[in-house]
Amino acid sequence: PWKKWDLLLDAIHRLPENLRPRIQATIWGPVPADSASRQYSEELRAAVLRHGLQSSFRLAGPTAEVAQILSRADWFALPSTNEPCSVALIEALASGVPALVSASGGNIDIVQDGVSGAHFTPDSAESLATRLEDILTGSLHPTPPDQIRASAINRSATVVATRYAAIYRDMLGGRTDPSLKLQV
C-alpha cells in the first residue's frame, strides 16, 4: 500500500475518457506475502475492473527483464511519497526514461521538474491526472534520453559509495583501520 498504486489508478480514472486508452500502466514486482499487501493487490484488481481500466492498468508480477521493460517505456511513474531514493527511479533515469514522481522525499532532488521528468503534488490523484494529461497531450517535453541518463550518473551505487567512503575517511581524520573494508 505504501507504493500508492491506487493513486495512479485513480488518476487514470480521472483522465478524460478519450485519453484513458492511451495509458498503459504496468506495475512490475511481486506482491509481498503479508496479508495487507495481498489485500491491497486484490483491492487494486477489483478497482481496475470496477472502473473498466483493464487495458490501461495491470499488475504484471515479478520480472528480471528490467532493461528490456524500460527500453519500451515512454515514462516511469512513482506515486509513493516516502522513498528517499528509489532504486527503480534511478534505473529508469539511467535508461533515459523520464519520470513522473510525487514532489516528496528524494524525488525532488533526483528528478528535475520539466527536465528529467515531472513532479505532481503528493497524495493528489487530481494533480497526478493533470500531469498525465500534460504528457498525453504533448505539453511536457523532457530533455532527450542521453541527458536524462546523464542526470542519473551521480546516483549510481558506485559513485554514492565512493562519496560515503570519502566522508568516513574525513571523519576519521585520515586514520584508517586495516580491519575496516569497504566494498564498492
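Take segment 90-163 with all the other protein chains still there, run a 1.4 Å probe, and you get 46 Å² of accessible area per residue.
A protection proxy built from the mean count of other Cβ atoms within 10 Å ranks the segments 6-18, 36-48, most packed first, as 6-18, 36-48.
In the chain, helical runs assigned H by DSSP with n ≥ 4 each contribute -39500 (n - 2.57); averaged across all residues and rounded to the nearest 500, the mean residue ellipticity at 222 nm is -13000 deg cm²/dmol. Net charge in the neighbourhood of Gln54 (other residues with Cβ under 13 Å of its Cβ; Lys, Arg +1, Asp, Glu -1) is +4.
Summing +1 for each Lys or Arg and -1 for each Asp or Glu among the other residues whose beta-carbon sits under 12 angstrom from that of Arg155 gives 0.
Inter-part distance, segment 110-124 to segment 60-83, computed on C-alpha centroids, equals 16 Å. In terms of Cα atoms, the Rg and Dmax of segment 1-100 work out to 13.6, 37 Å. Computed from Cα positions, the angle between helix 157-171 and the longest principal axis of the chain comes to roughly 40 degrees. In this calculation the C-beta distance from Ala166 to Ala47 is compared with R0 = 35 Å, giving a FRET efficiency of 0.15.
Here segment 70-184 has 53 percent of its accessible surface on carbon and sulfur atoms, given a 1.4 Å probe and all protein chains in place. Within the chain, the percentage of alpha carbon pairs spaced more than 27 angstrom apart rounds to 34%. Beta-bridge orientation, the chain: approximately 0 percent antiparallel, per DSSP, counting only bridges with both partners inside.
The values are calculated or read from the model by the stated rules, or taken from the named source; none is laboratory data. Only a predicted model underlies this, so the values are computations on that prediction, with no experimental measurement involved. Positions of Cβ are backbone-derived with ideal geometry, glycine not excepted, and every protein chain shown enters the neighbour counts. For the accessible areas, the whole protein counts, side chains as well, though only heavy atoms, and no ligand, DNA or RNA atoms are used. Shrake-Rupley method; radii C 1.70, N 1.55, O 1.52, S 1.80 Å.
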